[in-house]
Amino acid sequence: MTVLVTGGCGYIGSHLVWALADRGEKVVVLDDLSTGFDWAIPPEAELVRGDIGDRALLDTLLETRGVDAIVHFAGSIIVPESVADPLKYYGNNTVKSRELIAAAVRHGVKAFVFSSTAAVYGEPEIVPAPEDARLDPVSPYGSSKLMTEIMLRDVARAHDFRYTALRYFNVAGADPKGRTGQSTKGATHLIKVACEAYLGLRPQIQIFGDDFDTPDGTGVRDYIHVADLADAHVLALDRLRGGAPSLVANCGYGRGFSVLEVLRSVERVTGAALPVLRGPRRAGDPASLVARVDRIHAELDWRPKWDDLDTIVGHALAWEKALITRNRV
Ligand code: UDP
């Protein structure tokens, strides 16, 4: 039994590959290394550099590696870029996912875990957002992921094939053992940006809007530790391999923190004041995005270990410091 992990050299994917290796699973990573790093995965995982849309390569891998499950992370993830270049997102995220799903069906791979996103909700009408809330993405990124969810649903109805789509909320932090983390250059995510500002890698951090309809006026998000998210994937795999039906589940903690609360946490953890600037809203940012989480708890029996904002920030910061050392070498 081997797990094929697409995009396994990326931020979230590499955490899953470590989690699988930690429990002795055989793993093949398929990654084009466009944004991921070969050093982010354990040496015992096989790395195949290639494209998830390459049908011949998928056939070879699925024929020769004994793959019984696929976890699909590979894709493009930058929301503003998806607005500027939607065809890239429908190509990389939707069309190529179709190739991968088709290969799974051709080769009888019955278990498929898909990294989806809270962006499928758009501006949610209900907070915390339940899985059956209206799906109305406001970006091509969200639409490209929702289209893949729809393909999975329909394929699972037609074939002997089951899937789990995990809708991620705001993923943050890094491997508690310091083996991998968010390494993308020019990342825009709040906790990473705040850590970079503390370390002097950016002159300041800007708050994107303080006039939202939230308790302190700044945007509220459900920040989840990447190690807990990786664990949710492991549980989802076990569940599918055990024959359970397909599932769509939110992946968050079910509580939100505002931008100001996050920045205060970074200041607590670092013991230093951050260079903060208040600026206008960023286009397309909803006021509040928090997961409703009863489904993931009930279906996966998921028990988060790192649900503490200061811990998330501490791990993110430790990784930023390690990256500085790595980039110097
Ligand atoms: N944010 C901010 N300054 C930044 C980056 C983010 O004020 O430099 C805010 C953003 O408007 C949102 C929250 O922080 O309310 C989380 O944004 P992030 O980009 O981390 O994730 P998103 O929720 O957009 O996926």
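The values are calculated or read from the model by the stated rules, or taken from the named source; none is laboratory data. The model shown is predicted, which means the values in this text are computed figures rather than measured ones. Please note: Cβ atoms are built from the backbone with ideal geometry, for glycine as well, and neighbour counts cover all protein chains shown. Side chains are part of the model used for accessible areas, which takes the heavy atoms of the whole protein and leaves out ligands, DNA and RNA. Shrake-Rupley method; radii C 1.70, N 1.55, O 1.52, S 1.80 Å.
What number goes with the only condition from (1) of a type in the set (Ser, Thr, Tyr); (2) under 16 Å from GLY314 (Cα atoms); (3) crowded, with 21+ Cβ neighbours inside 10 Å that TYR253 does not pass?
Result: TYR253 passes all but (2).
Of the conditions (1) surrounded by fewer than 23 Cβ atoms within 10 Å (Cβ to Cβ); (2) within 12 Å of the ligand (Cβ to nearest atom); (3) part of a helix (DSSP H, G or I); (4) of a type in the set (Val, Ile, Thr), THR188 clears all except one; give me its number.
In the conditions (1) surrounded by fewer than 23 Cβ atoms within 10 Å (Cβ to Cβ); (2) within 12 Å of the ligand (Cβ to nearest atom); (3) part of a helix (DSSP H, G or I); (4) of a type in the set (Val, Ile, Thr), THR188 misses (3) alone.
I'd like to know if segment 196-213 contains one or more residues that are open to solvent by less than 50 Å² (accessible area, probe 1.4 Å), under 22 Å from ASN250 (Cβ atoms) and either among the basic types (Lys, Arg) or within 13 Å of the ligand (Cβ to nearest atom) (or both).
Yes: segment 196-213 contains one or more residues that are open to solvent by less than 50 Å² (accessible area, probe 1.4 Å), under 22 Å from ASN250 (Cβ atoms) and either among the basic types (Lys, Arg) or within 13 Å of the ligand (Cβ to nearest atom) (or both).
For segment 231-241, indicate whether the set of residues that are in contact (Cβ under 8 Å) with a residue 60 or more places away in the chain and not in a helix (DSSP H, G or I) is non-empty.
No: zero hits.
For segment 36-139, give me every one of the helices (runs of 4 or more DSSP H) that falls completely inside it and has 3 or more residues that are within 16 Å of the ligand (Cβ to nearest atom).
In segment 36-139, 79-84 are the helices (runs of 4 or more DSSP H) which contain 3 or more residues that are within 16 Å of the ligand (Cβ to nearest atom).
Mind counting the residues in segment 290-314 that are among the hydrophobic types (A, V, I, L, M, F, W, C), closer than 23 Å to THR214 by Cα and open to solvent by 20 Å² or more (accessible area, probe 1.4 Å)?
Total satisfying the criteria: 1.
Could you tell me which residue of segment 161-185 is modelled with the lowest pLDDT, considering only residues that are basic (Lys, Arg) and open to solvent by 20 Å² or more (accessible area, probe 1.4 Å)?
The selected residue is LYS185.
Between THR188, THR184, THR148, which is β-branched (Val, Ile, Thr) and farther than 22 Å from TYR223 by Cβ?
Answer to the selection: THR148.
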